[in-house]
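> Here it is, the structure in full.
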Amino acid sequence: MIKDNNQSCAVIGAGVSGLAAAIRMRNKGYRVTVFEANSFPGGKCSTETKDGYRFDMGPSVFTMPHYVDELFKLSGKNPREHFNYIHLDPVYKYFFEDGTALDAYHGKEKFAEQLSAKTKDKKEDIIRYLNRTETIYNLTDEVFLKNSLHRLKNFFTWPVARGILNFGKIGAFDTMAGANQRSFRDPRLVKVFNRYATYNGSSPYLSPATLNVIAHVEIVKGAFYPEGGMYSITGSMVQLAKDIGVQFKFSTPAREILVENKKATGIRTDGGTENFDIVISNMDVYNSYKKLMPQVKRPAKTLDQPKSSSGIIFYWGIKKEFKELGLHNILFSEDYEAEFNTIFAKKAIYHDPTIYLNITSKHTPTDAPPGCENWFSFINVPNNSGQDWDMFITEARENMILKINRVLKTDIRPLIESEMVFDPRVIENRTSSAFGAIYGNSSNNKFAAFLRHANFSKDIKNLYFCGGSVHPGPSIPLCLLSAKITTELIS
């Protein structure tokens, strides 16, 4: 039984981080109300069904499931009675234009053995590289991911001191691509590891080698598939929140965060104003200021950092099963550097895009009709700065079909019987992500980890922020950690 503390908390946005913050605040005794503009929860982690095909609309790679489990345990419940997942092995299938197909297995030994058999690099060199990414993880996990970087006292701890003393080992002054090109002889392996920059919408040719830590998380610590798809994360968290007393108001967008005497006092919706002791915004922090607090001086230096990439996504219902494909598939561009240069320097889409195919019907057959597959077909594109997106969509669709046909030696045109399309405009409208940038600010500089907005307002008391646009960053695990950091700041 949760003991009320006679205080109230508003959470703006029912994304993964907002849901986690609501659950944590309710466990602290607050009366919590979640305000969500959409008629459905989840933010980017939502779902849609069309013509018998079900799709997860956003995040599709699931790591560190113990952060979801932690919310159930905190609430006195057995997570396995409410939320389950399986371990993936292999995690990814990689396809190249030269006909090479690589399976990325879980664990250093198995991963290195499989990839060394089909590339020019030796097993021991691949393991040596993964050992370095593990070192980065051990040095940065407590420092960057589990603590606020915006409270001075957090820097006077042993994990932080250890990180500072070993700063040269985390690759902060090198780029991902630079470190990876020196680590491997085979350009295909370089691409495999460079692609981890896309997990936070950045370029491996600009972002720090510190981000190679993502390889350790996925390959060594493991990737998982939630039973029923990624939306089961959202669904289980919503049900947990309701079970412990969190109130939800869907189709109720927050219009303003009320501020009096530099103190957040509540929110205004179309239905009126409501007073709260604490306000937590899970809305993109850029739009939190622009749309909800236009009268408040904005932290321009932080908010105006370059934004991440976005995506064009075709949700295709495919009238065939492809045995050579798995849950997660990458079809690589021939010229990876040219692709990223086109996205970030030219603000355009590349003619030979790297394609990510996520097919949940591989593990949840009911996500597609019998003998069919649901393809979440994604390419990285620039965020929205006024480009002709209708033209880009037409070009992208044609180039993606041509590439898939080449690599898989097939013709998918007559197999597409259902289609939905997301572009940066749709993403911005549906999720309030500024400019349709999926991951908030980009990490295309070595200080990016320190340039994300804090989980609290330095100027407005009782106002907090969580989610992928603030510290520690995007992805489901980091959004869950963001909620934890935020709520632990609230005494």
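The values are calculated or read from the model by the stated rules, or taken from the named source; none is laboratory data. Please read all numbers here as calculations on a predicted model, not as lab measurements. FYI the Cβ positions are ideal-geometry reconstructions off the backbone, even for glycines, and counts take in every protein chain you see. Just so you know, the surface numbers come from the protein's heavy atoms only, side chains and all, with ligands and any DNA or RNA stripped out. Shrake-Rupley method; radii C 1.70, N 1.55, O 1.52, S 1.80 Å.
> Where Rh is the Kirkwood radius over the Cα pairs of the stretch 246-349, the temperature 10 °C and the viscosity 1.306 mPa s, what D in µm²/s does Stokes-Einstein return? Mind dumping the intermediate values first?
On the way: Rh = 18.5 Å.
Answer from the Stokes-Einstein relation: 86 µm²/s.
> Round to the nearest 10 and give me the degree value, 0 to 90, for the angle of helix 476-488's Cα axis relative to the longest principal axis of the chain.
Helix 476-488 sits roughly 20 degrees off the main axis of the chain.
> If you roll a 1.4 Å probe over the heavy atoms of the protein chains, what accessible area per residue do you get for the chain, in Å²?
Numbers: 19610 Å² over 491 residues.
Per-residue accessible area for the chain comes out at 40 Å².
> What does DSSP give for the chain in terms of the percent of beta bridges that are antiparallel, rounded to the nearest 5?
Values: 46 of 67 bridges.
Of all bridge pairs located within the chain, approximately 70 percent are antiparallel.
> Once both labels are modelled 7 Å past Cα along the beta-carbon direction, what's the Asp141-Glu337 spacing in nm?
Between Asp141 and Glu337, the simple spin-label model gives 3.5 nm.
> Moving on. How far is helix 16-27 tilted off the main Cα axis of the chain, in degrees rounded to 10, range 0 to 90?
On a 0 to 90 degree scale, this one is about 40.
> How much mean residue ellipticity at 222 nm does the chain get from its helices, if each DSSP H run of length 4 or more adds -39500 (n - 2.57) and you divide by all residues, to the nearest 500 deg cm²/dmol?
Details: 15 runs with 151 residues, N = 491.
Mean residue ellipticity, 222 nm, calculated: -9000 deg cm²/dmol.
> Using a cut-off of 16 Å between alpha-carbon atoms, which aspartates and glutamates can reach Lys319, once sequence neighbours fewer than 8 places away in the same chain are excluded?
Straight-line reach from Lys319, under 16 Å: Asp51, Asp367, Glu373, Asp411, Glu417, Glu419.
> Let me ask another. Using a 7 Å offset from the Cα along the Cα-to-Cβ direction at both Leu489 and Lys319, what is the distance between the two label points in nm, to one decimal?
Inter-label distance under the simple model: 5.3 nm.
> A further question follows. Under the definition of Cα pairs under 8 Å and six or more residues apart, what whole-number percent is the relative contact order of the chain? Spell out each step's value before the answer.
Values: 1044 pairs, mean separation 111.1, N = 491.
Answer for the chain is 23 percent.
> In whole Hz, with x marking every Gly and Pro, tabulate ³J(HN,Hα) for the stretch 6-13 from phi via Karplus 6.51 cos²θ - 1.76 cosθ + 1.60, θ = phi - 60°.
6, 10, 10, 9, 9, 10, 9, x
> Now for a separate question. Can you run phi through the Karplus equation (6.51, -1.76, 1.60; θ = phi - 60°) for the stretch 182-199 and list ³J(HN,Hα) in whole Hz, with x for Gly and Pro?
These are the phi-based 3J(HN,Hα) values: 7, 8, 10, 7, 8, x, 5, 5, 4, 4, 4, 8, 5, 5, 5, 5, 6, 5 Hz.
> Oh, and also: Work out, step by step, the length gained on full extension between Asp411 and Arg185: first 0.36 nm times the residue separation, then minus their alpha carbon distance; give nm to one decimal.
Length difference between fully extended and current span is 78.0 nm.
> The stretch 326-376 to the stretch 450-464: how many Å between their Cα centroids?
36
> Applying a 10 Å radius around every beta-carbon, put 134-146, 51-63 in order of their mean neighbour count, most first.
On the way: 134-146: 18.7, 51-63: 21.8.
Ranked by mean Cβ neighbours within 10 Å, highest first: 51-63, 134-146.
> Highest first, please rank the peptides 407-414, 382-389 by the mean number of other Cβ atoms sitting within 10 Å of their residues.
Ranked from most to least packed, the peptides come out as 382-389, 407-414.
> Greater than 29 Å separation of Cα atoms is the criterion. Which listed pairs, Lys249/Lys290; Lys44/Lys123; Lys362/Lys409; Lys73/Lys93; Lys3/Lys146; Lys3/Lys484, meet it?
Numbers: Lys249/Lys290 22 Å; Lys44/Lys123 38 Å; Lys362/Lys409 20 Å; Lys73/Lys93 34 Å; Lys3/Lys146 27 Å; Lys3/Lys484 20 Å.
Flagged as over cut-off: Lys44/Lys123; Lys73/Lys93.
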